[in-house]
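Structure first, then comments.
The values are calculated or read from the model by the stated rules, or taken from the named source; none is laboratory data. Since this is a predicted model, take the numbers as computed values, not measurements. A quick note on method: Cβ atoms are made from the backbone with ideal geometry, for glycine too, and the neighbour counts reach across all protein chains shown. Quick note on the areas: whole protein, heavy atoms, side chains included, nothing else; ligands and nucleic acids left out. Shrake-Rupley method; radii C 1.70, N 1.55, O 1.52, S 1.80 Å.
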Amino acid sequence: MEAAAPRATWLSALGHASKIADPKSAYPACHRVQLTVEGGRLRARATDLMRFYEGTRPLTASRPGGCCVDAHLLEKVLKAMPDAGEVIVRDERQTLSVAHSTSRRKCSRIGTVPAEDHPSHPEATGEPHMLALATLHQILRLTGFAQSSDNARPHLNGLCLEWSGTALRVVATDGHRLALAHVEAPSANATTIIPRPAVELLQKLPDEGEVTLAISRDHARWSVGDDQWMTKTVDAAFPSWQQVVPSAHDGVVRCNRAALLASLRSVSTMTSDRSNGVRLEPGDEGLTIRSSDPETGEMEDSIPFECEGKLPAAWGVNAAYLIDVLNACTGDSIELQLTGELDPMRVHDPSLGDAAVDVIMPMRI
């Protein structure tokens, strides 16, 4: 195998591959990227056995062949080379030589294994549909923060995609909060859970353009330009989130989103890292946010607010959860929709209309 291309071309493919190749895996094949050259194009493939990547790039010169090489090591070697000029890669006798066309430095040599040693990528099914990348990033931003960080609960450690007709819903919950966003999309019918590591790849896609999505029972696949990713989906039942979302409320608190966010950040400095509990109290002087912790101390702040309906005298909430929601919202004002002090609280951004739903479970403070 021999291939020549600008350094940026190599790094664009290796950058995606190295995000999937796992140097800590006990399976050596997961450390490597498979490089194959055919028809004047380079193909790079990588996998950690759950996620898969494949990308193609044009070459200025080539000789057919293929090999597998440590993805992170090759990327490190390429990053150390000058920007200008081309990088020439040759695979001979299980050694990959990497040289720069204009640099006087001696070429680097990296050990390789045959291309056939790379794990095979599964065949993905599911009808592909186009979606604007801006739309994808919006629904990920509005839901991603509510994923569970507990890897032992895979059904919560990811995002549930429900594609029914022209409505694409994305739901996340860790059992203490729930975030839902939905958009209009091309007609399709599929439901699956995308695992957290794959969600992280989706979040790193470009901001502009379109993505092609295909969802099946066992796999989800997406592509942008010459790059394609695939992931195994979670084989588990997602919680019945419809039962968590309050169908009605007795009272509403309206306030400035930035003011509430600043107050929560300030007051929560006096909460313990474990609970992050704060108490909200509506009163004549404003909406008071108060924290009290026997180990750290007390703090309170007050912001202007409007209200309607019947409100609890006070209620507790995890400040970190509410901060996450406020960070994801975009409007100037925010609504806290309440029933009782121990009932779920719905957080509503009027600028998003019905496109987003956020629910936070109550706390005893």
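For segment 24-43, which residues satisfy the criterion of being surrounded by fewer than 19 Cβ atoms within 10 Å (Cβ to Cβ) and either in contact (Cβ under 8 Å) with a residue 60 or more places away in the chain or more than 21 Å from VAL224 (Cβ to Cβ) (or both)?
If the condition is that a residue be surrounded by fewer than 19 Cβ atoms within 10 Å (Cβ to Cβ) and either in contact (Cβ under 8 Å) with a residue 60 or more places away in the chain or more than 21 Å from VAL224 (Cβ to Cβ) (or both), then LYS24, SER25, ALA26, TYR27, PRO28, ALA29, GLU38, GLY39, GLY40 are the ones that fit.
Can you find, within segment 287-303, the residue that is surrounded by the most Cβ atoms within 10 Å (Cβ to Cβ) among those that are of a type in the set (Gly, Ala, Ser) and over 14 Å from ALA258 (Cα atoms)?
Restricting attention to segment 287-303, the residues satisfying the condition of being of a type in the set (Gly, Ala, Ser) are 291-292, 297, 302.
When the remaining residues are screened for being over 14 Å from ALA258 (Cα atoms), the result is 291-292, 297.
Numbers: SER291: 25, SER292: 16, GLY297: 11.
This residue is SER291.
Only residues that are under 27 Å from the mean Cα position of the chain (by Cα), among the small types (Gly, Ala, Ser) and surrounded by 14 or more Cβ atoms within 10 Å (Cβ to Cβ): list them for segment 233-252, please.
Across segment 233-252, there are no qualifying residues.
I'd like the residue in segment 347-365 that is assigned to a loop (DSSP other than H, G, I, E, B) and of a type in the set (Gly, Ala, Ser) and, out of all such residues, is farthest from the chain's Cα centre (by Cα).
GLY353
Among (1) open to solvent by less than 30 Å² (accessible area, probe 1.4 Å); (2) out of contact with any helix residue (DSSP H, G or I) (no Cβ under 6 Å at 6 or more places or on another chain), there is one condition ALA46 misses while meeting the rest; what is its number?
Only one criterion in (1) open to solvent by less than 30 Å² (accessible area, probe 1.4 Å); (2) out of contact with any helix residue (DSSP H, G or I) (no Cβ under 6 Å at 6 or more places or on another chain) is unmet by ALA46, namely (2).
On the basis of being within 30 Å of PRO195 (Cα to Cα), without any contact (Cβ under 8 Å) to a residue 24 or more places away in the chain and either of a type outside the set (S, T, N, Q) or open to solvent by 40 Å² or more (accessible area, probe 1.4 Å) (or both), does LYS19 make the cut? Give the derivation first.
Values: within 30 Å of PRO195 (Cα to Cα): yes; without any contact (Cβ under 8 Å) to a residue 24 or more places away in the chain: no; either of a type outside the set (S, T, N, Q) or open to solvent by 40 Å² or more (accessible area, probe 1.4 Å) (or both): yes.
When the stated conditions are applied, LYS19 does not pass them.
Could you list, ordered by first residue, the pairs with Cβ atoms under 8 Å in which the first is in segment 258-278 and touching a residue at least 12 places away in the same chain (Cβ under 8 Å) and under 20 Å from GLU295 (Cβ atoms) and the second is open to solvent by 10 Å² or more (accessible area, probe 1.4 Å) and part of a helix (DSSP H, G or I), at least 6 apart or interchain?
As it stands, the answer is LEU264/ILE323; ARG265/ILE323; SER268/ALA320; SER268/ILE323; ASN276/SER268; ASN276/ALA320; ASN276/TYR321; VAL278/SER268, since those pairs meet every condition given.
Identify all residues within segment 81-106 that are more than 29 Å from PRO119 (Cα to Cα) and outside any strand (DSSP E or B); write none if there are none.
Result: MET81, PRO82, ASP83, ALA84, GLY85, SER101, THR102, SER103, ARG104, ARG105, LYS106.
Hey, among the residues in segment 101-128 that are at pLDDT 80 or above and of a type in the set (Gly, Ala, Ser), which one's most open to solvent (accessible area, probe 1.4 Å)?
Checking each candidate, the answer is SER120.
From LEU322, LEU342, which residue is among the aliphatic types (A, V, I, L, M) and not in a loop (DSSP other than H, G, I, E, B)?
Testing whether each residue is among the aliphatic types (A, V, I, L, M) and not in a loop (DSSP other than H, G, I, E, B) leaves just LEU322.
Could you check, for segment 212-223, whether at least one of its residues is assigned to a helix (DSSP H, G or I), without any contact (Cβ under 8 Å) to a residue 24 or more places away in the chain and out of contact with any His (no Cβ under 7 Å at 6 or more places or on another chain)?
no
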